[in-house]
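Take a look at the structure set out below.
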Amino acid sequence: MAIIHQVRRKYANKTEETVGELINFAGAVSSTDPMGIIKKKAAEVADIMSILHGGDWRVEIDHDKRFVLIAPCLPSGRKSL
């Protein structure tokens, strides 16, 4: 297949491109990058956990192991297991 057929246009026309760029600039639309979306959603959950339960919460994401952790931060005197 020719390279020209493999390229997908992000916007159908110039008007859609202008509106899309304005929306992205305003931050109204989340990233289309799946890893970025996961990172953002996990951070949102950590923020909500902090509101509900107090304290600082940490997020660990390992895409290779397919693992997401949202847990409270340990006090500085405690050691992890």
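The values are calculated or read from the model by the stated rules, or taken from the named source; none is laboratory data. What you see is a predicted model, and the numbers here were worked out from it, not measured in a lab. To get the accessible areas, we keep the full protein, side chains included, count just its heavy atoms, and leave off ligands, DNA and RNA. Shrake-Rupley method; radii C 1.70, N 1.55, O 1.52, S 1.80 Å.
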Compute, for Ser76, the solvent-accessible surface of its heavy atoms (probe 1.4 Å) with the complete set of protein chains present, and express it in square angstrom to the nearest 10. 130 Å²
Which of the aspartates and glutamates could a cross-linker bridge to Lys40, judged by Cα under 16 Å and excluding same-chain residues fewer than eight apart? Glu60, Asp62
